[in-house]
Amino acid sequence: MSPEERKRRVRQHIDLSWSKGRLALAEQLQSRYFTYKSSFITQPVNNAGFALIVREVRLAIPDLEVVVDECLSEGNRVVTSSTLFGTLAKPVFGCAPDGKILTVAAMSFWTLNPNGDIDELNTLFDLEGARTQLGLDTPLPFQLPLT
């Protein structure tokens, strides 16, 4: 599989899962050993766990869209920089809806097997930026000095 084909597959997975909620189709792009890790969950999950997370987020943010800002591929790895945006309409992860558009940056690291199936997805979300937009207290135990 060429680097362009790997990038196309990853973009398709993002579109099917997060943007459209077509989880059965997205799962066809994942290997049976698929693992998802994220900065907003405490432990890795499998295909079913990933689908549950996406469903919960999409129920809370029904107009969710994901824009892939950058997509790089080398070897069996793909890295994406994305922006997620939508209106929080229902509570999710302890956050109450406020009717405002939420914008969250994300960096994802994808590992594909030789067949092109997605074996692993690790995503880092800008949780501090999301907390600020939602008006939540910062988790930092101290304030950094202004420079």
(message) Can you say whether F40 is part of a strand (DSSP E or B) and under 20 Å from F125 (Cα atoms), as far as the supplied structure shows?
(response) no
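Does at least one position in the stretch 102-109 carry a residue that is in contact with a strand residue (DSSP E or B) (Cβ under 7 Å, 6 or more places away or on another chain), in a strand (DSSP E or B), at pLDDT 95 or above and over 16 Å from E128 (Cα atoms)?
Checking the stretch 102-109: at least one residue is in contact with a strand residue (DSSP E or B) (Cβ under 7 Å, 6 or more places away or on another chain), in a strand (DSSP E or B), at pLDDT 95 or above and over 16 Å from E128 (Cα atoms).
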(request) Assess whether D119 counts as being on the phi < 0 side of the Ramachandran plot, loosely packed, with under 14 Cβ neighbours inside 10 Å and not in a helix (DSSP H, G or I). (result) no
(request) Provide a single number: the residues in the stretch 89-124 that are over 16 Å from the mean Cα position of the chain (by Cα) and within 22 Å of E56 (Cα to Cα). (result) 11
(request) Output the number of the condition that G116 fails; it satisfies all remaining conditions of (1) touching a strand residue (DSSP E or B) at 6+ places or on another chain (Cβ under 7 Å); (2) touching a residue at least 60 places away in the same chain (Cβ under 8 Å). (result) (1)
(request) Test each condition in (1) assigned to a loop (DSSP other than H, G, I, E, B); (2) hydrophobic (A, V, I, L, M, F, W, C); (3) farther than 21 Å from R131 by Cα for V78 and report the one that comes out false. (result) (1)
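The values are calculated or read from the model by the stated rules, or taken from the named source; none is laboratory data. All values derive from a computational prediction rather than experimental measurement. So basically every Cβ, Gly included, is an ideal-geometry build from the backbone, and we count neighbours across all protein chains shown.
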